[in-house]
1. Anything in the range 102-150 that is more than 15 Å from Ala252 (Cβ to Cβ), open to solvent by 80 Å² or more (accessible area, probe 1.4 Å) and either at pLDDT 95 or above or in contact with a strand residue (DSSP E or B) (Cβ under 9 Å, 6 or more places away or on another chain) (or both)? List them, or say none.
2. Considering only residues that are over 22 Å from Trp71 (Cβ atoms), modelled with pLDDT under 95, open to solvent by less than 100 Å² (accessible area, probe 1.4 Å) and not small (Gly, Ala, Ser), which ones fall in the range 244-285?
3. Give the residues of the range 207-226 that are more than 40 Å from the chain's Cα centre (by Cα) and either in contact (Cβ under 8 Å) with a residue 40 or more places away in the chain or outside any loop (DSSP other than H, G, I, E, B) (or both), sorted by residue number.
4. Among all residue pairs at least 6 apart or on different chains, which show Cβ distances below 6 Å where the first residue, located in the range 275-287, is closer than 19 Å to Val384 by Cα and the second is open to solvent by 100 Å² or more (accessible area, probe 1.4 Å) and assigned to a helix (DSSP H, G or I)?
5. Being more than 40 Å from the chain's Cα centre (by Cα) and charged (D, E, K, R) is the filter here, so list the residues in the range 146-196 that pass it.
6. Cβ-Cβ below 7 Å, separation at least six or inter-chain, first residue in the range 77-90 and under 13 Å from Glu254 (Cβ atoms) and open to solvent by less than 30 Å² (accessible area, probe 1.4 Å), second part of a helix (DSSP H, G or I) and not acidic (Asp, Glu): which pairs?
7. Take the residues in the range 401-426 that are open to solvent by 60 Å² or more (accessible area, probe 1.4 Å) and in contact with a helix residue (DSSP H, G or I) (Cβ under 7 Å, 6 or more places away or on another chain); name whichever of them is farthest from Asp345 (Cα to Cα).
8. Can Arg260 be described as touching a residue at least 60 places away in the same chain (Cβ under 8 Å) and part of a helix (DSSP H, G or I)?
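The values are calculated or read from the model by the stated rules, or taken from the named source; none is laboratory data. Computed from a predicted model, the values in this text were never measured in an experiment. No Cβ is skipped: glycine too gets one built from the backbone with ideal geometry, and neighbour counts run over all protein chains shown. Side chains are part of the model used for accessible areas, which takes the heavy atoms of the whole protein and leaves out ligands, DNA and RNA. Shrake-Rupley method; radii C 1.70, N 1.55, O 1.52, S 1.80 Å.
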Amino acid sequence: MASAWRNVVGRLKTRLRFSGSKGQSTSGSKNALGTSPTYYGLVAAGGLGAGYLFTVLSATDLELHPPQYPWSHSGPFSALDHQSIRRGYQVYKEVCSACHSMNQLCFRNLIGVSHTEAEAKAIAEEYQYVGENDEQGNPTTRPGKLSDHFPNPYPNEEAARFANNGALPPDMSLIVLGREGGEDYIFSLLTGYCDPPANFELREGMAYNPYFPGQAIGMPQQLYQDSVTYEDGTPATVSQMAKDVCTFLRWASEPEHDDRKRMGMKAIILLTGVAFITWYWKRSRWTVLKNRKPGGAEAISEAYQDVRRDDTETNWALFGYDGKFIVHVKSGVDYQELLGLLDDDGRNYIFVRFETGDEMSRRKKFALITWIGNAVSPLKKAKVSTDKAFVKEIITSFGKEFLVEGDKNELKEEKVLKELERASGAAYGTGGH
């Protein structure tokens, strides 16, 4: 790079010296060459361009980032392909296990995921493990059990490095979680072997892979066409084997993958229901406050007190809706006029006063009546029950509460009065005993 820089600077000096000598005297050419701002600007620009060029073309910066592949299990509600997990274990067992361990997995972990219990037990028995000492104290071996971990291909780290030119094959139990890019990186690595570019020096025993940091990897290409023979007859292409072993490694790194997404679906359904119930509860509790029109409570209270006072002839007050707010509609003394104000599409609250008894014993009785017309929608009918709570916060004193839906006969003065007397437990009037 230094020699290239010197060549660029030398060529710039030559061209500037030639251009500076044109149209100038010999004595002026030296000054033009040595102090011209153009000269220094071109030298600086050329140096930056040459440095950038050599930086871009540096072999250490040719590392590729793995693309994002459309894995079948990448969706929020997508499960792992368990047939692919089974094939991926076969690739690991026949190819990868010669160098890579999986110390976090036991044979029993395969049960119900990729193999039956009998199949997992048969696989475990293919390997020999250190058993108990015999009577003479000599170590023995035994067939593997379901509780045994996958066997390590090397007895210790030193043996692993010695067999791999000083490189230590990583354990693959959690490799998907331990590598940036996860299975995308591993798939790209397994399928990305190629010839190195020109002038890229590889040490003996190293292979070129643009997806590996530094591009020089100690593991040669492992997957070739028909490296394994799948039990289910799936063609063993390089990409198919890489895809299957990546799916297997994803499961090995995250055995709870399917259960986590299943629980997530249940949680979403449950939380959606809780959110709806909470929204409905909030709406029912706060609708009373939302329906309070500024100044409306005072008007309702004044109309209510006006009916209760002895010094006024007003004996009823009618309340209705102004949009979504409850307001005082009218007060009066004629009960028949009140009934005429009730219509089929109305929702009203009525506070009414009746007088009973004779000249010697006159009593006042109050009733709170809720009127719902026949044409009122079910949603508005349901809203009446919550809005009434606001009305009853103001109208607190009454002998009986009535709910009438569309039948004005239920509001005849005699019938309402009779119900009030029944609610009070005594009947007062002329001739009563």
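1. Across the range 102-150, the qualifying residues are Glu117, Lys121, Glu125, Glu126, Gln128, Val130, Glu132, Pro139, Thr141, Lys145.
2. Listed by number, the residues that qualify are Thr278, Lys282.
3. Answer for the range 207-226, where residues must be more than 40 Å from the chain's Cα centre (by Cα) and either in contact (Cβ under 8 Å) with a residue 40 or more places away in the chain or outside any loop (DSSP other than H, G, I, E, B) (or both): just Ala207.
4. Correct list of pairs: empty, since none qualify.
5. Residues satisfying the conditions are Glu157, Glu158, Arg161, Asp195.
6. Leu80/Thr247; Leu80/Arg250; Leu80/Trp251; Leu80/His257; Ile85/Thr247; Ile85/Phe248; Ile85/Trp251
7. The qualifying residue farthest from Asp345 (Cα to Cα) is Glu413.
8. Taking the combined requirement at face value, the residue does not satisfy it.
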